[in-house]
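Single-structure report; data block below.
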Amino acid sequence: MLEGFSLPFPITPQLGVFALLASIAAIASVGVVFFQDAIRSALCLVINFFVLAFLYFSLNAEMLGITQIVVYTGAIMVLFLFVIMLLALGSQKLVKEKLDPKKFIGLGLGVVMAGAVASQIVLPLAKITAIRAPDKFGSPQAIGYTLMSQYVYPFEIASVLLMVGIVGSILLAKRRI
């Protein structure tokens, strides 16, 4: 069929797993945008977060994968779903909107952006070489060592700011009672 055609990279099982996970993530992200029900859209976002965590695990970045699951899927999405259910956004009837030129402009810009990204992915494929991260890259030990040696002051400042935010929200909630 396509004699003389060869891909600039080898087809491996890892590439197949990546293609499967990437396609699931792409389908879930399209679901986030196109579902009109807020709860379904949020659940598609949960699927997307889990698939991204699996992609991190496949890249041997366990710390990023665990953080993705715990922080984004666990905490932030629970907060999103709580707000959606608290505001009862899922029970509203869908409203028909008029044709808006902003939608067409946005769609056109989205197609241009997708083309630009695709051109940057497809064109350099011939130059791909085996790039490997260092052995302990992304491990919890390496991240902890880096945080507590090179970035100890920004880490402590961020923890103090988070503590101030928590105390402030508790004080604001107490005043309302």
Among the residues of segment 4-26, what is the count of those that are at pLDDT 85 or above and open to solvent by 60 Å² or more (accessible area, probe 1.4 Å)? 4
Extreme residue, farthest from Ile66 (Cα to Cα), among residues of segment 141-167 that are among the β-branched types (Val, Ile, Thr) and open to solvent by less than 80 Å² (accessible area, probe 1.4 Å): Val167
Could you check how many residues of segment 37-65 are closer than 25 Å to Lys103 by Cβ and of a type in the set (A, V, I, L, M)? 5
Report those helices (runs of 4 or more DSSP H) wholly inside segment 95-177 carrying at least 1 residues which are at pLDDT 75 or above and either among the acidic types (Asp, Glu) or farther than 26 Å from Glu62 by Cβ (or both). 101-122, 152-176
First in segment 97-114 and closer than 20 Å to Gln36 by Cα, second anywhere and of a type in the set (D, E, K, R) and surrounded by 10 or more Cβ atoms within 10 Å (Cβ to Cβ), Cβ under 9 Å, 6 or more apart: Glu97/Lys103
I need the full set of residues from segment 27-36 which are over 19 Å from Lys103 (Cβ atoms) and either open to solvent by less than 50 Å² (accessible area, probe 1.4 Å) or touching a Lys or Arg at 6+ places or on another chain (Cβ under 7 Å) (or both), in order please. Ala28
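The values are calculated or read from the model by the stated rules, or taken from the named source; none is laboratory data. Quick caveat, the model's predicted, so the values are computed rather than measured. Every residue, glycine as well, gets a Cβ built from its backbone with ideal geometry; the counts of neighbours run over all protein chains shown. Heavy atoms of the whole protein, side chains included, go into the accessibility calculation; ligands, DNA and RNA do not. Shrake-Rupley method; radii C 1.70, N 1.55, O 1.52, S 1.80 Å.
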